[in-house]
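Reviewing the structure listed below.
The values are calculated or read from the model by the stated rules, or taken from the named source; none is laboratory data. Given the structure is predicted, the values throughout are model-derived calculations rather than measurements. Cβ sites come from the backbone with ideal geometry, for glycine too, and all protein chains shown count toward neighbours. To get the accessible areas, we keep the full protein, side chains included, count just its heavy atoms, and leave off ligands, DNA and RNA. Shrake-Rupley method; radii C 1.70, N 1.55, O 1.52, S 1.80 Å.
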Amino acid sequence: MLHPFGGRPPYRRTKAASPRGRATLAVPAASAMLLAAPLLTACGNDAHPGAAAVVDGSRITVSQLQARVNDVRDAQRGSAKSEQLVANSGQLSQNTLIRMIQFRVIERAGQDNGVRVTRRDVQQCRKAVESAGGAEVLRGLQTGQTTKCDPTAGPQSGGAAALRDFYLEQGIAPDRIDDALRMELLRNGLVHKLGTAKVNAVFAATSKKLAIEVNPRYGTWDDTRGTAVLTKESWLRTSEDVNQQA
C-alpha cells in the first residue's frame, strides 16, 4: 500500500533523543503512564503531498515544520550557550512535530472536557516562572502540581533569559514559550479535573478521534502513547524523569 504522504523515505532505526531534547509532557509518577506502545503504520493513497502530518483533516506542512525548527536553531545559535543548546536538542524536526501534534490533541481534549486556559492565566504564569522562585513554579508545572500560577514573588534578574534557555534546550523557540506554558496549564487542568487514569484515556481517545497521520520521514503515530515512534515519547512523563533531567 502507498503511504498517504506519498513516497517511502528510508526507515532507519535511530537512537532515542537525549532526555533534554524530548517533546514530552510531565505529570506525577502516580500517572503510571500508558506503557503499551504498539507501532501503527498509516497506509492509503497519495492524499496529502507536502504534509509532515495531518490532524483532523488539517495539514501540518513540511514548510511549517521547518520554519519552527529554523526559529529554534536561529535562537539557539544566538545564545551564549549555543553549543550546549544545540547538542541537547537532538532530533529536533521529529520532536517539534510531535509537540505540534500533542498541542492540538490537548487543545481538543480541553475543549471537549470543559477545561480552558485564558490569556491572563498564561501571562500570570509567565510572570511567575520569570520571578524569584520561578524554578519551583516551573517544576510544579512540569510535574502536574500546578494549575494556576501566582506571581507573588518579585522579578528576578536574569529570570527571563533563564526561562528562554530552559525552553530552547527543549527545542522550543522564545516566541512559543507562552504556547508551551498554556499547554502545561491546560494539561494539568485536565489532570486535576478528570484524574490521571482518566485523562490518559481521554488523550488516547482524542488522538484516535483526530485521525492523526504522520509522514514516515518522522515516524508513525501511536495514539496510545501520543507520539511518533523512533523516539520514546509519551503524553505524560513521571516526576522521576523530571528529577533526572534537573
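Details
- Residue that is touching a His at 6+ places or on another chain (Cβ under 9 Å) and modelled with pLDDT under 90, where the choices are T143, T152, T196, T147: T147
- Positions within the range 188-233 being hydroxyl-bearing (S, T, Y) and either open to solvent by 40 Å² or more (accessible area, probe 1.4 Å) or touching a helix residue (DSSP H, G or I) at 6+ places or on another chain (Cβ under 7 Å) (or both), in sequence order: T196, T206, S207, Y218, T224, T227, T231
- Condition met for R73 (out of contact with any helix residue (DSSP H, G or I) (no Cβ under 6 Å at 6 or more places or on another chain) and under 19 Å from D178 (Cβ atoms)): no
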